[in-house]
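To start, the structure itself, in structure tokens.
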Amino acid sequence: MVALCTKRTIFVQEINNQERSMHTKEEKLQAFGRLLDVMDELREKCPWDHKQTNESLRPNTIEETFELCDALLKDDTPNIEKELGDVLLHIVFYAKIGSEKGQFDIADVCNKLCDKLIFRHPHVYGDAVAKTAGDVVKSWEQIKQTEKDGNKTVLGGVPNSLPSLIKAYRIQDKARAVGFDWEKKEDVWNKVREEIDELEAELAKEDNMERQTDEYGDFLFSLINAARLYHINPDNALEHTNQKFIRRFSYVEQKAKEQGLQLKEMTLAQMDELWNASKKEE
């Protein structure tokens, strides 16, 4: 019986690992047309869908985007597929609302996107030459500033509502694109050390929270800069550490329960022992 179950498990895994056949362009267009038809019908016949506005949908859009990010971080293919659909629904929904107001429709959205991509890729659609991804990045910001409705400044395209860590990374990356960067990536560590020294000096004074906060921000900014220079995404790195901490702390909590102990009643040495054991389990 065990052997039979094992064989069945392997068979299911093999099926799941097989690549699915991809749809033709015509089938993809039909699927997108079907989505538009469903959206039209829901907007007309469903009371909830009918009452939605840009403002009411916005919180849900943020939630769906984070759910997609979570699936991407976990490399969870089934959920990536599902969450992409949820995000796509919101795109179609906003376009539907725009068309009802006579402002724009989904065709305008697609055409404007295509026009922008073609304009920003002169090495593909024009006579410009770009042999590496770095060559493309160097000209990207300059091209954007020449667009009729493009960014007027290098940092103008960074959304104010971005999470601070991601915003810092994007600010630094955009500055780098126009040449404002360290000549050698190793030089950034001098800046990191300088910032942590200044932070420690301010924290030692214990009398100026504003200055301490300011110096802590400078220190974090320098660390994010180092991550960028070494091609590490700081947001992904931090989230991986968050998940690692959650796994290890959950292990400590579970083992404590099995021993009939409450965390708040344990000594730090006892918790450290379980913590180290959790690391060996990984």
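A compact table of results
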{"quantity": "Residue within the stretch 196-217 that is under 19 Å from the mean Cα position of the chain (by Cα), of a type in the set (A, V, I, L, M, F, W, C) and either part of a helix (DSSP H, G or I) or loosely packed, with under 11 Cβ neighbours inside 10 Å (or both) present", "calculated": "no"}
{"quantity": "Identity of the residue in the stretch 113-136, in contact (Cβ under 8 Å) with a residue 24 or more places away in the chain and not hydrophobic (A, V, I, L, M, F, W, C), that ends up farthest from H231 (Cα to Cα)", "calculated": "K116"}
{"quantity": "A130 vs. criteria surrounded by 15 or more Cβ atoms within 10 Å (Cβ to Cβ) and in a loop (DSSP other than H, G, I, E, B)", "calculated": "yes"}
{"quantity": "Test: L261 is modelled with pLDDT under 95 and part of a loop (DSSP other than H, G, I, E, B)", "calculated": "yes"}
{"quantity": "Matching residues in the stretch 153-176 - criterion: being without any contact (Cβ under 8 Å) to a residue 12 or more places away in the chain and either crowded, with 17+ Cβ neighbours inside 10 Å or β-branched (V, I, T) (or both)", "calculated": "T153"}
{"quantity": "Flag if F249 is farther than 28 Å from L73 by Cα, within 29 Å of the chain's Cα centre (by Cα) and either not in a helix (DSSP H, G or I) or not polar (S, T, N, Q) (or both)", "calculated": "no"}
{"quantity": "Filter pass, E83 being surrounded by 13 or more Cβ atoms within 10 Å (Cβ to Cβ) and out of contact with any Phe, Trp or Tyr (no Cβ under 8 Å at 6 or more places or on another chain)", "calculated": "yes"}
{"quantity": "Residue match in the stretch 266-277 (condition: out of contact with any helix residue (DSSP H, G or I) (no Cβ under 7 Å at 6 or more places or on another chain), over 30 Å from E194 (Cα atoms) and part of a loop (DSSP other than H, G, I, E, B))", "calculated": "yes"}
{"quantity": "Any hit, the stretch 65-83, residues being of a type in the set (A, V, I, L, M), out of contact with any helix residue (DSSP H, G or I) (no Cβ under 8 Å at 6 or more places or on another chain), assigned to a helix (DSSP H, G or I) and within 30 Å of I143 (Cβ to Cβ)", "calculated": "no"}
{"quantity": "Residue among V192, V178, V188, V252 that is closer than 30 Å to C69 by Cα and at pLDDT below 95", "calculated": "V178"}
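The values are calculated or read from the model by the stated rules, or taken from the named source; none is laboratory data. The shown structure was predicted, so the numbers you read here are calculated from the model rather than taken from an experiment. Glycine gets a Cβ as well: all are built from the backbone with ideal geometry, and neighbour counts include every protein chain shown.
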